1. Of the residues VAL17, VAL42, VAL84, VAL64, which single one is in contact with a Phe, Trp or Tyr (Cβ under 8 Å, 6 or more places away or on another chain) and in a strand (DSSP E or B)?
2. Being open to solvent by 30 Å² or more (accessible area, probe 1.4 Å), farther than 15 Å from MET82 by Cβ, more than 11 Å from the chain's Cα centre (by Cα) and free of Cβ contacts under 8 Å to residues at least 24 places away in the same chain is the requirement here; does ARG32 meet it?
3. Looking at the structure I just gave you, is TYR70 open to solvent by 30 Å² or more (accessible area, probe 1.4 Å) and in a strand (DSSP E or B)?
4. Could you please find all residues in region 47-62 being open to solvent by 70 Å² or more (accessible area, probe 1.4 Å) and either in contact (Cβ under 8 Å) with a residue 24 or more places away in the chain or under 13 Å from the mean Cα position of the chain (by Cα) (or both)?
Amino acid sequence: MPFDPNGAWRLHPQVAVRPEPFGALLYHFGTRKLSFLKNTTVVEVVQSLPRHPSAAAALEAAGVRDSEPYTKALAALAHSQMLVRS
């Protein structure tokens, strides 16, 4: 399924977030994949997804003006099963 920024998203239930000075590490216990988030805004958006009706709304709430690079990052996380539809 392609990433739709107008849809509701959340972290997969089997994903753990570990804060790091550079951003965060995401570990998926089911797929055993590891993702590095090297941007604190992306970390903020990912963690705030459940509080917003869409990924686009989470980006807006985080003050993101140019959403294209952030949308691509979220799409990559969805493709790797770190994010799932709510």
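The values are calculated or read from the model by the stated rules, or taken from the named source; none is laboratory data. It should be emphasised that the depicted structure is a prediction, and the values quoted were computed from it without experimental measurement. Cβ coordinates were reconstructed from backbone atoms using ideal geometry, including for glycine residues, and neighbour counts include every protein chain displayed. Heads up: the accessible areas ignore ligands, DNA and RNA and are worked out on the full protein's heavy atoms, side chains in. Shrake-Rupley method; radii C 1.70, N 1.55, O 1.52, S 1.80 Å.
1. Numbers: VAL17 fails: in contact with a Phe, Trp or Tyr (Cβ under 8 Å, 6 or more places away or on another chain); VAL42 fails: in a strand (DSSP E or B); VAL64 fails: in a strand (DSSP E or B).
Result of the check over VAL17, VAL42, VAL84, VAL64: VAL84.
2. Values: open to solvent by 30 Å² or more (accessible area, probe 1.4 Å): yes; farther than 15 Å from MET82 by Cβ: no; more than 11 Å from the chain's Cα centre (by Cα): yes; free of Cβ contacts under 8 Å to residues at least 24 places away in the same chain: yes.
No: the conditions fail for ARG32.
3. Details: open to solvent by 30 Å² or more (accessible area, probe 1.4 Å): yes; in a strand (DSSP E or B): no.
The answer is no for TYR70.
4. GLN47, PRO50, ARG51, PRO53
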